[in-house]
Amino acid sequence: MGKKSSSNSTSLSIFNPKYYLKKPQQLVLVIFGFISLVLLVSDRQNLTSDHQEEVLRLNEELARLKLQLEDFNVRVKWSAGLDSADISKDDDDDPVSVERREKVKEAMLHAWTSYEKYAWGHDELQPQTRNGVDSFGSLGATLVDSLDTLFIMGLHEQFQRAKEWVANSLDFNKDYVASVFETTIRVVGGLLSAYDLSGDKIFLEKAKDIADRLLPAWNSPSGIPYNRINLAHGSAHNFGWTGGNSILADSGTEQLEFIALSQRTKDPKYQEKVEKVVKELQKTFPADGLLPIYINPRSGTAAYSTITFGAMGDSFYEYLLKVWIQGNKTEAVKHYREMWETSMKGLQSLVRKTTPSSFTYICEKNGNFLSDKMDELACFAPGMLALGSKGYGSGEAEKILSLAEELGCWDQEYWLSHKGILGNYGNLKDAFAESLLAWPKVELAWTCYNFYQLTPTKLAGENYYFHPGQDMNVGTSWNILRPETVESLFYLWRVTGNKTYQEWGWNIFQAFEKNSRLETGYVGLKDVNSGIKDNMMQSFFLAETLKYLYLLFSPTSVISLDEWVFNTEAHPLRIVTRGDLHQENFQVDRQQKLPIHFRGRKEGRLGYN
């Protein structure tokens, strides 16, 4: 009995603080044991998360090593001078372009892997806070926007994972008010392009699903669509700040996607809806082809508002040209080309030049008043002019192309032979860049390139003002990774073969790498002067900017402009000759594939070239 009582007393004393005052070594042991237990539990909780991050990091590193190995193999073959038919050098590819193309591909891999790691299934990635946000109603905007870029670059493992998400997780039945325009160009366009490239019908089925949900937006008295629609209920309306009007670009930038969908499904309802819009606008189309940005959806007539080739006007003019190209330039689409040519005469009436350096820019117009302001968004225009120059007679084509180009008279040999005039520079490109500002005949692409070059970060602001006696001043100073200037460089290079545009594109890419790349993705800048970063990787950076840069350094046979037309989100769609819709025979040949790797050889070039 005595021993039992003594044992109980000792046991109880362990929980008495006074016990540890007499035996401090016991207190140290208890504290150490408690800390060890906490750390053990914490480690076990973080083990799974850390393991997943490490696996993703290793997968990205493995993919990079694969790219490096492939590059090494290409370089070995190149240096060995192999000249067999399957690896013969492509005339329009070269080692510099190969290297630059792979750098762009690595940038895409970095952007995509960051999205997979931190924002999978969400619309966009916020790299600085390492999370996803749903800017477009949780439609997986970045994922869908990136499908064709992944396919074109040969990132097929990534493409396959994205396809599985589309098949199993992409759901459009959402009580969400969507932008008809943004949903069309990103989601419908992205899915249709993925279908045209891969032949997988899941993409066509999903494109039809979302398009059916958008169709009620065209049920206005005039057929001009409302710009907002609830995806679950089909109720449509316009923004309050437009006074109930529809926006020109938002209403006139669905034709490519919906015509393509009708061709591929043999259902004319999509094409009929969007073509009625153009027919309605054609009734009162002005003599100069320039429409204000607000259109009344009840009457179908223009409302008093700004005329611009920038925000809210831009892609309407782009689609007039591209529907003509999409229809293979036949009689059935002739009126699109005629409307576009009329609008290009109007565009030329808005062109002005600065002093002292003669930078060419496109004004905005309100009534009879011209505003000396140009959006970076309007920098799609040089590429559009280059693309459309092919449809003119020789004299007019040269005039339009001259307007589009940076210098109507630029010639590398000329500048090499006049080095003394330019000053004693070690680098001809530096001499060209600094001295050309004084040259009198500069045009739109040169202006857009200098939107980038004349800021401390070498990245363009959102818009620019041209004050009397001054060349250009940044207005809105952010940069959100926009593609328009790179897009124009791509078209100008394809049309002219002038490698200057590749050099300009490479300089812009390097500026993005220097200022926008983070360990967790790419971000825009809040201010192109200070370089302060924002927290958003826009979906169009993967869909457009990186794709156009990649194609800028690829052979012209890759996504040939004779076979494909790009929508305004850079999604390539197959060109199909227009005629009786029910007689058109559109079919994707599953045996035809884009090459897995576009390099300095012709290996793997099957089908789409």
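Points to keep in mind about this one:
- Some residue of the range 149-157 being crowded, with 16+ Cβ neighbours inside 10 Å and either in contact with a His (Cβ under 7 Å, 6 or more places away or on another chain) or of a type in the set (Lys, Arg) (or both): yes
- Residue 414 being farther than 15 Å from residue 447 by Cα, in a helix (DSSP H, G or I) and modelled with pLDDT of 90 or more: no
- Test: residue in the range 444-465 that is open to solvent by 10 Å² or more (accessible area, probe 1.4 Å) and modelled with pLDDT under 95: no
- Just one of (1) within 25 Å of residue 378 (Cβ to Cβ); (2) among the aromatic types (Phe, Trp, Tyr); (3) within 21 Å of the chain's Cα centre (by Cα) fails for residue 239. It is (3).
Yes/no matrix, rows are residues, columns are (1) open to solvent by 10 Å² or more (accessible area, probe 1.4 Å); (2) assigned to a helix (DSSP H, G or I):
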site: 188; (1), (2): no, yes
site: 206; (1), (2): yes, yes
site: 211; (1), (2): no, yes
site: 215; (1), (2): yes, yes
site: 224; (1), (2): no, no
site: 233; (1), (2): yes, no
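- Residue in the range 259-277 that is of a type in the set (Val, Ile, Thr), touching a helix residue (DSSP H, G or I) at 6+ places or on another chain (Cβ under 9 Å), open to solvent by 30 Å² or more (accessible area, probe 1.4 Å) and at negative phi present: yes
- Residues within the range 340-367 that are open to solvent by 10 Å² or more (accessible area, probe 1.4 Å), under 25 Å from residue 185 (Cα atoms) and either among the aliphatic types (A, V, I, L, M) or in a strand (DSSP E or B) (or both), tallied: 1
- Any chance residue 441 is basic (Lys, Arg) and modelled with pLDDT under 70: yes
The values are calculated or read from the model by the stated rules, or taken from the named source; none is laboratory data. Every value quoted in this text rests on a predicted model; they were computed, and no experiment measured them. With ideal geometry, Cβ positions are generated from the backbone for all residues, glycine too; neighbour counts draw on all protein chains shown. The area values use the complete protein model at the heavy-atom level, side chains included, leaving out ligands, DNA and RNA. Shrake-Rupley method; radii C 1.70, N 1.55, O 1.52, S 1.80 Å.
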